[in-house]
Amino acid sequence: MPPLVAFVITLELGALYVAMPGLSADLASNGVNQLWTMDIAGFLMAGFFITLGNLGSRIGHRRLLLIGAACYGVLSLTSAYVSEAYTLLAVRLFAGVAGAMLLAAAFGLIGHMFPDPRRRRAAVASNAGAAMLGLILGPLAGGVLFTSFWWGSVFLISVPVMALLVVSGPFLLPEARESEAGPIDATGMFLYFLAVMPIVDGVKVLTADRPSIPLLPPLMILFGAGFGILLVRRLKRRPSLSLNGVPRVALAATMVAAAVMAGAFLLVSQYLLSVLALGPLQAGLWLPLLGVALAAGWRLSSALPARETGAIAPGVAVAVAGFALLSQAGAVGGPVLAVLGGVLVCLGAGSLLAFGVRGLPGPVAGVGHVLGAGLGIAVMGAAATNLYRMSMADVPVPGAAADMAEHARTTIAGATDTARDLVAGAGTDLVAAARDAFTTGLSIVALAGAVVLLAFMAVVLGAARRRTAGREVKAQPSVR
């Protein structure tokens, strides 16, 4: 049952990558709304995971799983039939809380059902494998559903599975409680929400939109930063998630790997669907290769040295090579170059992710993975959208109303939608300009991703050298 939860959540996420252009066109979503639709649930899962896990220790992990399954199923069903972009965001926000219930309860049940450390590690590994399988099959499932029905059908994937959990869970799963449960830190969750969401939204609006009040995004970032300081102080005084003793390099590797993996999925999927104009099913046949590469990188990581530099360097090198290839994808041509670049990024990220997750406690690894993926989508997606908007700022849209012209200059999906209502020549020119603008942004973001990975590797190497030098100094006999 726990692996089924991980599988269906990542399956829905993978399907959403394929459905996003159609969803955005139907709901008239701007660039910021598109990004929030992709990552808002992940941010909520990361922030609520630990405290809801502690809640499950008190009321029972099976009960928490059943409540989460019922809520997630209803919210997914609602997502399929919404007609406004902001309504969908609100529903996805609550789906993130329900998803946190599911994942936290699944981890708790694994710990209870497999008390032997070796069997527990195998169960956690099977849970991770199920999540990767969902990410592999998600784009294909999304392509089939979107081609056969409509974009909302991708949210219906989880409904029968959640119904199955609610009906069969009481008979197949044991109840599990802990006598020494952690604190229910509702204040900490509230502070997390007030810290992370304004900062992320401020960054998105600042880079991917044209705010009507120019000072609003910086003020949102400062507002979130203030609550972030309060959150850090609270965690030091009364930690609901103590990071004492948690390997910082492993946590950073987990978040960086998840960020570049999610960012690569986003960029490659949008390139296939919006630049090359592949159908959802065609794109769904290419994108699973990225998931396969992620799983392969995870498996191959066991052959790498255990020390930090030896375990991290190969994954970083492969991912950097992938970003370099991805930066060369053009507005014309086939999908091979972009997909190959994405495959290499995910291959390296899988190796890096495996190193990080193996060095962390299960809950911390889960939070780091989900939060890193959300940040990857937010930052890389916002940067690509901003670069697109800058390139399209002076592109004429003859024959279009002012709002439609602005829609075309905001996202490539908007340009494609606007071009349908223009005369043949003007529509063709607009789509060509939009594709050039998107690929320019894609190239810059991919190169920036390579630079960030190299900087991360430099920091790890520097820290390793300082630790080695410190040990050597301590080993030297003191001279009196």
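The values are calculated or read from the model by the stated rules, or taken from the named source; none is laboratory data. Every value quoted in this text rests on a predicted model; they were computed, and no experiment measured them. In this analysis, Cβ positions are derived from the backbone assuming ideal geometry, glycine residues included, and neighbour counts consider all displayed protein chains.
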- Query: Cβ-Cβ below 9 Å, separation at least six or inter-chain, first residue in the range 343-354 and free of Cβ contacts under 8 Å to residues at least 40 places away in the same chain and closer than 14 Å to LEU289 by Cβ, second crowded, with 24+ Cβ neighbours inside 10 Å and of a type in the set (Gly, Ala, Ser): which pairs?
  - Reply: none
- Note on the structure: Flagged pairs (Cβ under 9 angstrom, 6 or more apart or on separate chains; first in the range 165-176, at pLDDT below 85; second of a type in the set (S, T, N, Q) and surrounded by 11 or more Cβ atoms within 10 Å (Cβ to Cβ)) are ALA176/SER57
- All positions within the range 113-134 that are at pLDDT 80 or above and farther than 22 Å from ALA293 by Cα: MET113
- Test ALA378 against the stated conditions and say whether it is part of a helix (DSSP H, G or I) and either in contact with an Asp or Glu (Cβ under 8 Å, 6 or more places away or on another chain) or not assigned by TED's automatic domain parsing to the domain that holds THR51 (or both). yes
- State which residue pairs qualify: first residue modelled with pLDDT under 85 and inside the range 211-226, second residue outside any helix (DSSP H, G or I) in any location, beta carbons under 7 Å apart, and separation of 6 or more residues or different chains. PRO217/PRO211
- Query: Do the conditions hold for LEU35, that is, is it at pLDDT 85 or above, of a type in the set (A, V, I, L, M, F, W, C) and buried (at least 24 other Cβ atoms within 10 Å of the Cβ)?
  - Reply: no
- Scanning the range 70-86 for residues that are in a helix (DSSP H, G or I) and surrounded by 14 or more Cβ atoms within 10 Å (Cβ to Cβ) gives ALA70, CYS71, TYR72, GLY73, VAL74, LEU75, SER76, LEU77, THR78, SER79, ALA80, ALA85
- Tell me, which residue of the range 300-321 that is crowded, with 19+ Cβ neighbours inside 10 Å and at pLDDT 90 or above is farthest from ALA259 (Cα to Cα)? VAL318
- Task: Count, please, the residues in the range 137-188 that happen to be among the aliphatic types (A, V, I, L, M) and farther than 23 Å from LEU44 by Cα.
- Result: 10
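This table checks each residue for (1) out of contact with any Leu (no Cβ under 6 Å at 6 or more places or on another chain); (2) in a helix (DSSP H, G or I); (3) within 23 Å of GLY279 (Cα to Cα); (4) without any contact (Cβ under 8 Å) to a residue 24 or more places away in the chain.
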site	(1), (2), (3), (4)
PRO396	yes, no, no, yes
MET404	yes, yes, no, yes
HIS407	yes, yes, yes, no
ALA415	no, yes, yes, yes
THR418	yes, yes, yes, yes
GLY427	yes, yes, yes, yes
LEU430	yes, yes, yes, no
ALA434	yes, yes, yes, no
ALA437	yes, yes, yes, no
- Message: Can you list the helices (runs of 4 or more DSSP H) lying wholly within the range 97-211 that have 1 or more residues being of a type outside the set (Ser, Thr, Tyr) and closer than 18 Å to ALA365 by Cβ?
- Response: 117-148
- Which residue, of LEU44, LEU88, is modelled with pLDDT of 85 or more and under 18 Å from GLY376 (Cα atoms)? LEU44
- Task: Taking the residues in the range 322-338 that are at pLDDT 85 or above and not in a helix (DSSP H, G or I) as candidates, determine which candidate is surrounded by the fewest Cβ atoms within 10 Å (Cβ to Cβ).
- Result: GLN328
- Conditions (1) more than 17 Å from SER76 (Cα to Cα); (2) crowded, with 18+ Cβ neighbours inside 10 Å; (3) not hydrophobic (A, V, I, L, M, F, W, C) -> SER179 fails only (2)
- Answer yes or no as to whether SER57 is within 19 Å of GLN34 (Cβ to Cβ) and touching a helix residue (DSSP H, G or I) at 6+ places or on another chain (Cβ under 9 Å). no
